[in-house]
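J.: Provided herewith is a single structure, encoded as structure tokens, for subsequent inquiry.
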Protein chains: 4
Amino acid sequence: MQFLFLGDIVGERGMELVSEYLPRLKHDFKPQVTIVNGENVTKTGRGISHKLFKQLMTAGADVVTLGNHAWNNAEIFDFIADTPQLVRPLNYPGDQVPGKGYSILNVNGVQVAVVNLQGRVFMELTDDPFRSLDKLLQEPQLQAVSVIFVDVHAETTSEKKALALYFDGRVTAMIGTHTHVQTTDAQILPRGTAFLTDAGMTGPAEGVIGMTYESVINKFLTARPTRFAVQQAGSGVVSGCLVSVDAKTGLAKRIRPLLISKEHPYQTL
Amino acid sequence: MQFLFLGDIVGERGMELVSEYLPRLKHDFKPQVTIVNGENVTKTGRGISHKLFKQLMTAGADVVTLGNHAWNNAEIFDFIADTPQLVRPLNYPGDQVPGKGYSILNVNGVQVAVVNLQGRVFMELTDDPFRSLDKLLQEPQLQAVSVIFVDVHAETTSEKKALALYFDGRVTAMIGTHTHVQTTDAQILPRGTAFLTDAGMTGPAEGVIGMTYESVINKFLTARPTRFAVQQAGSGVVSGCLVSVDAKTGLAKRIRPLLISKEHPYQTL
Amino acid sequence: MQFLFLGDIVGERGMELVSEYLPRLKHDFKPQVTIVNGENVTKTGRGISHKLFKQLMTAGADVVTLGNHAWNNAEIFDFIADTPQLVRPLNYPGDQVPGKGYSILNVNGVQVAVVNLQGRVFMELTDDPFRSLDKLLQEPQLQAVSVIFVDVHAETTSEKKALALYFDGRVTAMIGTHTHVQTTDAQILPRGTAFLTDAGMTGPAEGVIGMTYESVINKFLTARPTRFAVQQAGSGVVSGCLVSVDAKTGLAKRIRPLLISKEHPYQTL
Amino acid sequence: MQFLFLGDIVGERGMELVSEYLPRLKHDFKPQVTIVNGENVTKTGRGISHKLFKQLMTAGADVVTLGNHAWNNAEIFDFIADTPQLVRPLNYPGDQVPGKGYSILNVNGVQVAVVNLQGRVFMELTDDPFRSLDKLLQEPQLQAVSVIFVDVHAETTSEKKALALYFDGRVTAMIGTHTHVQTTDAQILPRGTAFLTDAGMTGPAEGVIGMTYESVINKFLTARPTRFAVQQAGSGVVSGCLVSVDAKTGLAKRIRPLLISKEHPYQTL
Ligand SMILES: [Fe+2]
Ligand SMILES: [Fe+2]
Ligand SMILES: [Fe+2]
Ligand SMILES: [Fe+2]
Ligand SMILES: [Fe+2]
Ligand SMILES: [Fe+2]
Ligand SMILES: [Fe+2]
Ligand SMILES: [Fe+2]
């Protein structure tokens, strides 16, 4: 079983790149499950709308994961409860968090869970991601699940690697998002979990991790409040990975990074 | 002119990998200048000693850069003042910081500066890296310099990219360190500066960014004080990059990441 | 010479309390200089407007200081340049910060400087407050100044005390703001500087440091984005201090905290 | 029923002040329960030893609370499990935290619980203090308890006030520690809980919150690793509060800050 994952899709440019490349990637790699991170798809790069969620599904996504920007477009509160394919981070605190932190799919008879997990180091004060996922793995609804794909949305390399080793052999894949820059450490951990510190983003390659240089530099140089603007011009980047899974063991067989950019044209995949 | 750079060398394993691979890399790629980041070379992974500095030079380094761990082994205060090839971050505050934030080499008649610059986001409260390097670039001793190689030691992808774009065309290369995981975004920026968000580390590949899983997980699970132990066992990783420079313009012609690991054997370089 | 200072004035309630109590305080204590912190005077508790600035002056302020919220109401950019009695933190970075970090008054022939200084620990990445004020004290326009009153806007008790001891004997008073809760450590430091870790706020006493409990608790319980609302109902608090100064030496003779609240009626001052 | 509380006791000086003033305070105010915060009692100001714990009990404490420095002297792991009168923060994560987060005393037939709770803002990544105490309050062993005294060890004024209002009417007192500087906001909240943002410290009054100016200023001026030294010389401060409790309702009747220092001699209490 093959999983296709695309990291944080940023702004209009990110949405265009998904429309342009996702069908082609699906055609060429024939994934059974396609997951994309949609925490930055609005024009402001913050949050998601119902319309954009549907566009992602139409373009070929089966599940959309989120991250710390999940809640920035308040429209999400209107539709996440009725949208099981939209997954917010599992470990936001309390019993009343809108939506769910995982989605269960039946893929040709195999039960597949897609989980979104958020780190805490230099981030919001959510619940402990180690124990939150520990707990989920013991819940009844996960017992029939064979394959567990985790989008781990976190800032530091150490927290992501620690989480991956902690869950090694217990989840199928642990793929990082949030830094918007892909790392080169795609690997199968000793007990069979696929890991990548960060899948990277899908959106405008120029500017600063999806935002215009002008808006970001202003923040760094003045320390004053700044409204970041999404980068529009210039070349784009599509980042993600492919994970090959043994559906019987629920472990990963192979992980392969995906990167399409000016420096890495589609043909080189 | 070719530059070879290796990212954060971690512990005894990192030192062994340098001894094993640096001569081979120099033989094969024939760099005119070799720079390595030595902020983590001691057995504890924190700081540097005079003996280890000399070992790095013997193994083939021309300049050793540092980072936020520069000061963790107090022995550095005894020798950094007399060791111009050991460069600490430029932007530690005050007039009395031991050592220097840059080193100037004469490479076949070309003046080359190697700078170490530290980020501030989620890090120590040092001086502003943007303005500190701005100021250095205007100092008289830099006026005869043609090529400027910057090791930018910082946590976040956004601060590193913002710094690189701010100095694009004014420095030759801006190569990130500190996260210990290499990124895939090696690129020549619009005005000619080579950029890579993080070069990655050189040291034990298993464990968590150079430290044992057991020590790191303990910190994450207990929130109590923990002494991290450097990973000894398992496979290693050598991470860095090669930058080809036009010595006349001082701009980069090409940047090529270097990665040697279990998944990426030397032969695939 | 007597100085009257009121800490962070919050929202409409804070403005009403200033109108109600400032004339009375001035009548009773007859300060030569009255300084109030206006970083939270708008209805949202963020920033200041020209109208509100004028209201503060009308109510009896001679100088209005600010803090990290200085820039939250963008209207400030329209009038701060022409308003020398409105002082923003000295150590915002760069040559082009609107307004000034100090104001110089002639008080019956005595030159008095009022400075606003911002801490960095757990705050914005401004310039080093130690060296920024060091530098200001050496500037020519400060040389004729006898009395220097500093509003030090910072989060931690340690940074404020360290700053006060660093400048002890070199400034007249170092009065903390930003935490919105008054401390009991008003004191004259060994070399003559008056110090108080925090003067406390002037505004709604109920709620959470000026904001409604409902809005703040939501942030703590959900870790999701929250818009804080200024507290309207309930009793109010007026917090500040009186500093008696020897205009000849520029040192403080006495510091006396001011607190008016339900538990501490005006009569007990 | 009267409670006497002393905030963070710092170093040898703090221990001396406890020996000198605690018997006198107990004689004069006749508290039924005496609680002191002992997270800083060692010579380094970090953690506690068995010997020092016993000294605190001999001097008159009934319960010793802690904070984020609880674990800094590793000796604690040897005796906390057998020392129910030593209470570490309730919300350290996991099932295997040594010691307990509360202590239950029988005071003339009244069941009294003393709880230590730690904040998270700008602190260690412990469990959510709101939900941790919520959960404790529902545990069977708390059901016979009439009076609940909470030492809330946290950095920011907002987190402490939010916690106090959240538990208002459900606990008897919520007294802040950690900043080492006493605040002036002692109050009975609307539903009967006594609150004080910070009780302040007991120890050397000069220096920076218990540490020498020389060691602390070095950190601020250099951004390099620094070992803080406990202040020995100079005058001392004893800080805390008295809370009068209605044992039947479990609510507070009165809270009265305690402060003994050079500026506030014992006689003025
Ligand atoms: Fe993102
Ligand atoms: Fe994110
Ligand atoms: Fe490092
Ligand atoms: Fe580092
Ligand atoms: Fe404020
Ligand atoms: Fe503030
Ligand atoms: Fe403490
Ligand atoms: Fe503490």
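J.: Please specify each residue of the stretch A:48-61 satisfying the condition of being of a type in the set (S, T, N, Q) and surrounded by 16 or more Cβ atoms within 10 Å (Cβ to Cβ).
T.: A:Ser49, A:Gln55
J.: Here's another thing I want to ask about it. Specify which of the listed residues (A:Val33, A:Val64, A:Val41) is away from ligand 7 (no atom under 16 Å from the Cβ), of a type in the set (A, V, I, L, M), away from every other protein chain (no Cβ under 14 Å) and touching a residue at least 40 places away in the same chain (Cβ under 8 Å).
T.: The unique qualifying residue is A:Val33.
J.: Let me ask something additional. Go through the residues of the stretch A:103-115 one by one and say whether even a single one is within 16 Å of the chain's Cα centre (by Cα), closer than 21 Å to A:Phe3 by Cα and part of a loop (DSSP other than H, G, I, E, B).
T.: Within the stretch A:103-115, not a single residue is within 16 Å of the chain's Cα centre (by Cα), closer than 21 Å to A:Phe3 by Cα and part of a loop (DSSP other than H, G, I, E, B).
J.: Sticking with this structure for a sec: Quick test for you: out of C:Val41, C:Val10, C:Val64, pick the one residue that is more than 16 Å from ligand 3 (Cβ to nearest atom) and within 16 Å of C:Val115 (Cβ to Cβ).
T.: Checking each option against the conditions leaves just C:Val64.
J.: So, in the stretch C:194-220, of the ones that are away from chain A (no Cβ under 14 Å) and charged (D, E, K, R), which residue ends up surrounded by the most Cβ atoms within 10 Å (Cβ to Cβ)?
T.: Across the stretch C:194-220, the extreme among qualifying residues is C:Asp198.
J.: Could you pull out the residue among A:Ala113, A:Ala70, A:Ala144 that is within 14 Å of another protein chain (Cβ to nearest Cβ) and either small (Gly, Ala, Ser) or on the phi > 0 side of the Ramachandran plot (or both)?
T.: None of the other options fit; the residue is A:Ala70.
J.: Of these, D:Val181, D:Val171, which one is out of contact with any Cys (no Cβ under 6 Å at 6 or more places or on another chain), under 19 Å from D:Val114 (Cα atoms) and surrounded by 24 or more Cβ atoms within 10 Å (Cβ to Cβ)?
T.: D:Val171
J.: Moving on. For the stretch C:221-269, enumerate the residues that are surrounded by fewer than 22 Cβ atoms within 10 Å (Cβ to Cβ) and within 14 Å of chain A (Cβ to nearest Cβ).
T.: C:Leu221, C:Thr222, C:Arg224, C:Pro225, C:Thr226, C:Arg227
For (1) surrounded by 21 or more Cβ atoms within 10 Å (Cβ to Cβ); (2) basic (Lys, Arg); (3) touching a Gly at 6+ places or on another chain (Cβ under 6 Å), each residue gets a yes or a no:
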position: A:Arg46; (1), (2), (3): no, yes, no
position: A:Val63; (1), (2), (3): yes, no, no
position: A:Leu66; (1), (2), (3): yes, no, no
position: A:Asn73; (1), (2), (3): no, no, yes
position: A:Phe77; (1), (2), (3): no, no, no
position: A:Ile80; (1), (2), (3): yes, no, yes
position: A:Asn91; (1), (2), (3): yes, no, no
position: A:Val107; (1), (2), (3): no, no, no
position: A:Phe122; (1), (2), (3): no, no, no
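J.: Residues A:Arg191, A:Arg131: which one is of a type in the set (Lys, Arg) and without any contact (Cβ under 8 Å) to a residue 24 or more places away in the chain?
T.: Going through A:Arg191, A:Arg131 in turn, the sole match is A:Arg131.
J.: Further question on the same structure: Got a number for residues in the stretch B:57-101 being under 20 Å from B:Ile148 (Cα atoms) and within 16 Å of ligand 4 (Cβ to nearest atom)?
T.: Result for the stretch B:57-101: 12.
J.: Based on what the data block shows, is A:Thr177 more than 7 Å from every other protein chain (Cβ to nearest Cβ) and in contact (Cβ under 8 Å) with a residue 24 or more places away in the chain?
T.: Answer is yes for this residue.
J.: Just the residues that are in a loop (DSSP other than H, G, I, E, B) and within 14 Å of chain B (Cβ to nearest Cβ), please, taken from the stretch D:122-141.
T.: Within the stretch D:122-141, D:Phe122, D:Met123, D:Glu124, D:Leu125, D:Thr126, D:Asp127, D:Asp128 meet the criteria.
Results for (1) within 25 Å of C:Gly7 (Cβ to Cβ); (2) more than 9 Å from every other protein chain (Cβ to nearest Cβ); (3) not aliphatic (A, V, I, L, M), shown as yes or no for each residue.
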| position | (1), (2), (3) |
| --- | --- |
| D:Asp151 | no, yes, yes |
| D:Thr156 | yes, no, yes |
| D:Ala162 | yes, no, no |
| D:Gly169 | no, yes, yes |
| D:Ala173 | no, yes, no |
| D:Thr184 | yes, no, yes |
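Every residue, every condition in (1) within 16 Å of ligand 7 (Cβ to nearest atom); (2) of a type outside the set (A, V, I, L, M, F, W, C); (3) under 14 Å from A:Thr44 (Cβ atoms), yes or no:
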site	(1), (2), (3)
A:Asp185	no, yes, no
A:Leu189	no, no, no
A:Ala194	no, no, no
A:Thr202	no, yes, no
A:Ile209	no, no, no
A:Asn218	no, yes, no
A:Leu221	no, no, no
A:Arg224	no, yes, no
A:Gln232	no, yes, yes
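J.: Name the single residue, out of those in the stretch A:1-30 being among the hydrophobic types (A, V, I, L, M, F, W, C) and away from ligand 1 (no atom under 16 Å from the Cβ), that is farthest from the other protein chains (Cβ to nearest Cβ).
T.: A:Met1
J.: So the check is Cβ under 8 Å with 6+ separation or different chains; which pairs have a first residue in the stretch C:197-213 that's closer than 20 Å to D:Thr179 by Cβ and free of Cβ contacts under 8 Å to residues at least 24 places away in the same chain and a second one that's aliphatic (A, V, I, L, M) and surrounded by fewer than 24 Cβ atoms within 10 Å (Cβ to Cβ)?
T.: Final answer for the pair search is C:Val208/C:Ile217; C:Val208/D:Leu165.
We did not get these values from a lab; they are worked out from the coordinates using the rules stated. As the structure is a prediction and not an experimental result, all values here were calculated from the model. Every residue, glycine as well, gets a Cβ built from its backbone with ideal geometry; the counts of neighbours run over all protein chains shown.
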